[in-house]
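Have a look at the structure below, then the notes.
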Amino acid sequence: MENVLRPLIVVGGSVLLTLVIGWATDLLLRKADDRHSETPLWGLLRRGRIPYMLVLCAAMLRGAYDEARLAQRHSAGIGQALTLILIGATAWLVIRIAAAVVETTYTRYARAHHDAARVRRVRTQVTLITRVVAAVVGVMAVAAMLLTFPAMRAAGASLLASAGILGIVAGVAAQSTLSNMFAGLQIAFGDMVRIGDTVVVDGEWGTVEEITLTFLTVRTWDERRITMPVSYFTSKPFENWSRGTPQMTGIVYWHVDHTAPVELMRERLRDILRECPAWDGRDYGLAVTDTTPNTMQVRALVTAKDADDIWTVRVTVREQMLSWLTDHHPYALPRVNTADATLAPGFHRNGDRRNGHNSEGVTVGGPHEPPRTGRG
């Protein structure tokens with residue numbers, strides 16, 4: 001009877017005590033979260049209740065297993081398994097606690113500062129710090145698990161002797177990976193690019209969605225994702241429209257006929273911008289910037305508070321200006337001239353200067369002789 005009750009009491013008591021302690025801890029964290037709503041720390045710590053309960057249960061079972069006298073033939077294997085579970089759960093709990101602390105710090109900073117660029121920079125740094133902590137804790141946990149095996153401890157001396165050669169081989173093999181990791185740290189703390197920045201890479205316009213130690217994801221305007229190694233941003237030029245102030249100046253071009261009413265187009269541009277909510281009211285302008293034998297190029301400058309609004313302003317101005325020209329000044333639209341060109345006064349179609357009478361009886365003389373009328 002004792003052989004049945006003893007393991008039942010030990011194992012069942014450990015599990016029951018773990019559930020009670022876990023429930024009590026979760027209740028205290030919930031009450032603390034309700035009382036201190038200004039900080040998300042207590043609510044974030046509740047995410048670690050599962051690894052917390054695993055740590056408690058594994059620790060209790062590991063400590064009381066010898067008293068249970070259960071499966072004594074396999075006591076070494078079971079003890080080893082409980083130790084591995086304890087190490088893994090502890091690492092999991094540490095990562096959750098570190099993530100909660102870092103996320104709380106970022107939330108307080110974001111509430112205290114209204115500069116979007118600085119908040120995005122801190123967000124990038126916080127994300128990478130969390131990933132670094134998780135990687136370090138994970139590596140240490142795996143190392144601790146391996147050291148629990150006697151064979152691994154015995155092989156430590158031989159592995160240490162060949163560590164130099166292995167280090168060289170690993171360094172050569174992981175050269176690109178290490179360069180990406182250092183590039184990720186350089187991006188995080190060098191403030192080159194941040195999560196939420198609007199960038200142009202390889203001709204693609206998009207927003208930085210994710211930054212890790214090895215790669216960076218850009219979400220394009222058409223909802224595609226471009227994944228690039230972070231070393232790209234430290235070795236090649238790219239456009240970052242979010243650096244400095246987010247305000248932007250956009251350009252809209254039209255090709256119109258030489259007879260287009262430029263002054264009226266300038267007034268129409270002003271009316272279009274006044275009705276466009278995305279225009280920030282800072283500046284606008286319209287000028288003729290180039291000509292061709294058939295058309296002239298008109299450029300409009302518009303401003304907006306950020307990259308998204310400048311796109312809206314540009315397409316609105318382009319569309320409404322073309323619609324206005326079509327409805328009110330169709331002659332201003334570009335066309336191919338098929339009629340004969342108008343000749344300068346004093347020239348025939350064949351290019352010779354006219355001397356004598358024309359059809360109206362006007363005599364045309366040389367370049368300095370005024371025209372005369374008469375019969376002889």
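Does the range 313-324 include one or more residues that are part of a strand (DSSP E or B), surrounded by 12 or more Cβ atoms within 10 Å (Cβ to Cβ) and aromatic (Phe, Trp, Tyr)?
For the range 313-324, residues part of a strand (DSSP E or B), surrounded by 12 or more Cβ atoms within 10 Å (Cβ to Cβ) and aromatic (Phe, Trp, Tyr): absent.
Residue 225 - would you say it is without any contact (Cβ under 8 Å) to a residue 60 or more places away in the chain and surrounded by fewer than 13 Cβ atoms within 10 Å (Cβ to Cβ)?
Here the answer is yes, as residue 225 does meet what is asked.
Can you report the number of residues in the range 32-42 which are free of Cβ contacts under 8 Å to residues at least 60 places away in the same chain and either in contact with a strand residue (DSSP E or B) (Cβ under 6 Å, 6 or more places away or on another chain) or surrounded by 11 or more Cβ atoms within 10 Å (Cβ to Cβ) (or both)?
4
Collect the residues in the range 256-276 that are touching a Leu at 6+ places or on another chain (Cβ under 8 Å) and surrounded by fewer than 18 Cβ atoms within 10 Å (Cβ to Cβ), keeping them in residue-number order.
Of everything in the range 256-276, those that are touching a Leu at 6+ places or on another chain (Cβ under 8 Å) and surrounded by fewer than 18 Cβ atoms within 10 Å (Cβ to Cβ) turn out to be 257, 262, 266.
Would you be able to tell me the number of residues in the range 210-238 that are under 16 Å from residue 128 (Cβ atoms) and of a type in the set (Gly, Ala, Ser)?
Selection size over the range 210-238: 1.
Across the range 199-216, which residue is surrounded by the fewest Cβ atoms within 10 Å (Cβ to Cβ) among those that are of a type outside the set (S, T, N, Q) and outside any strand (DSSP E or B)?
For the range 199-216, the residue satisfying everything is 203.
If I go through the range 309-325 residue by residue, how many of them are closer than 16 Å to residue 270 by Cβ and of a type in the set (A, V, I, L, M)?
Matching residues across the range 309-325 total 4.
Out of the residues in the range 70-110 that are modelled with pLDDT of 80 or more and of a type in the set (Gly, Ala, Ser), which is nearest to the chain's Cα centre (by Cα)?
Looking at the filtered set, the residue picked out is 99.
Could you tell me which of the residues 183, 134, 188 is surrounded by 17 or more Cβ atoms within 10 Å (Cβ to Cβ), modelled with pLDDT of 80 or more and among the aliphatic types (A, V, I, L, M)?
On inspection, the qualifying residue turns out to be 134.
Filter the range 229-255 for residues that are without any contact (Cβ under 8 Å) to a residue 60 or more places away in the chain, surrounded by fewer than 16 Cβ atoms within 10 Å (Cβ to Cβ) and not in a loop (DSSP other than H, G, I, E, B) and give the result.
232, 235, 239, 253
Out of 83, 90, which single residue is hydroxyl-bearing (Ser, Thr, Tyr), free of Cβ contacts under 8 Å to residues at least 60 places away in the same chain and farther than 23 Å from residue 39 by Cα?
That would be 90, the only listed residue that is hydroxyl-bearing (Ser, Thr, Tyr), free of Cβ contacts under 8 Å to residues at least 60 places away in the same chain and farther than 23 Å from residue 39 by Cα.
Please work out which residue is modelled with the lowest pLDDT, limiting yourself to the range 47-61 and to residues that are buried (at least 19 other Cβ atoms within 10 Å of the Cβ) and under 30 Å from residue 109 (Cβ atoms).
Step by step, filter the range 47-61, then rank; the result is 48.
The values are calculated or read from the model by the stated rules, or taken from the named source; none is laboratory data. All figures in this text were calculated on a predicted structure; none of them were measured in a lab. With ideal geometry, Cβ positions are generated from the backbone for all residues, glycine too; neighbour counts draw on all protein chains shown.
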